[in-house]
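What follows is a single structure, written as structure tokens, with notes after it.
The values are calculated or read from the model by the stated rules, or taken from the named source; none is laboratory data. No experiment lies behind these values; they were computed from the predicted model shown. Cβ: placed from backbone, ideal geometry, glycine included. Neighbour counts: every protein chain shown.
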Amino acid sequence: MEYISMASLAWFMGFFPLFEIYIAVPVAMGAGFDPVSAVLWAAVGNFMAVPTVTLFYRQLERVSFFSNWMEKLSANRFRGKIEQYGGWVILLLTPIAGVWAISVIAKAIGMSKRTLFLSTGTSILIYGIAIAGSIQLGLGWF
């Protein structure tokens with residue numbers, strides 16, 4: 001039962017726009033998860049923002065709160081770079097701008113689902129592993 005509650009915490013923190021994977025992995029490891037489980041659950045939660053935006057983009061546009069929020073996200077300073085370079089820049093910008101913003105921008109410019117899913121998924125895993133590795137190295141020093 002404890003594993004399920006910790007996995008749920010890591011998943012939710014990874015999914016929630018203000019936390020994402022940067023907070024989810026350290027919190028999960030601090031709560032007692034091993035690095036692999038922390039990255040796995042945080043990454044799955046963080047990645048779930050992509051299909052959520054992809055599936056519900058049109059419906060969310062109809063709700064004024066979400067419409068305004070998505071408009072602000074898609075007007076992000078990184079939009080031009082994503083339009084110009086596509087999936088490669090998503091690998092680099094996902095950890096900077098956040099998966100929610102990247103997903104909304106990609107959907108707004110009409111990027112293919114395949115490119116979006118592969119780029120964000122790869123980016124989330126790379127940065128999740130980097131965060132967990134950094135924490136392990138830092139914790140090993142004490």
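Worth pointing out:
- Test: residue in the range 97-114 that is of a type in the set (Val, Ile, Thr) and more than 22 Å from Leu18 (Cβ to Cβ): yes
- The listed residues are Val63, Val89, Val50, and the only one of them that is more than 17 Å from the chain's Cα centre (by Cα) and either surrounded by 13 or more Cβ atoms within 10 Å (Cβ to Cβ) or among the β-branched types (Val, Ile, Thr) (or both) turns out to be Val63.
- For the residues Ile105, Ile82, Ile4, Ile23, the requirement of being out of contact with any Cys (no Cβ under 8 Å at 6 or more places or on another chain) and either closer than 17 Å to Gly128 by Cβ or acidic (Asp, Glu) (or both) singles out Ile23.
- Taken over the range 104-123, the criterion of being touching a Ser or Thr at 6+ places or on another chain (Cβ under 7 Å) and either at pLDDT below 90 or farther than 26 Å from Asn68 by Cα (or both) is satisfied by Val104, Ile105, Lys107, Ala108, Ser123.
- Restricting the range 66-76 to residues that are under 13 Å from Ala106 (Cα atoms) and either surrounded by fewer than 15 Cβ atoms within 10 Å (Cβ to Cβ) or of a type in the set (Lys, Arg) (or both) leaves a set whose member that is modelled with the lowest pLDDT is Ala75.
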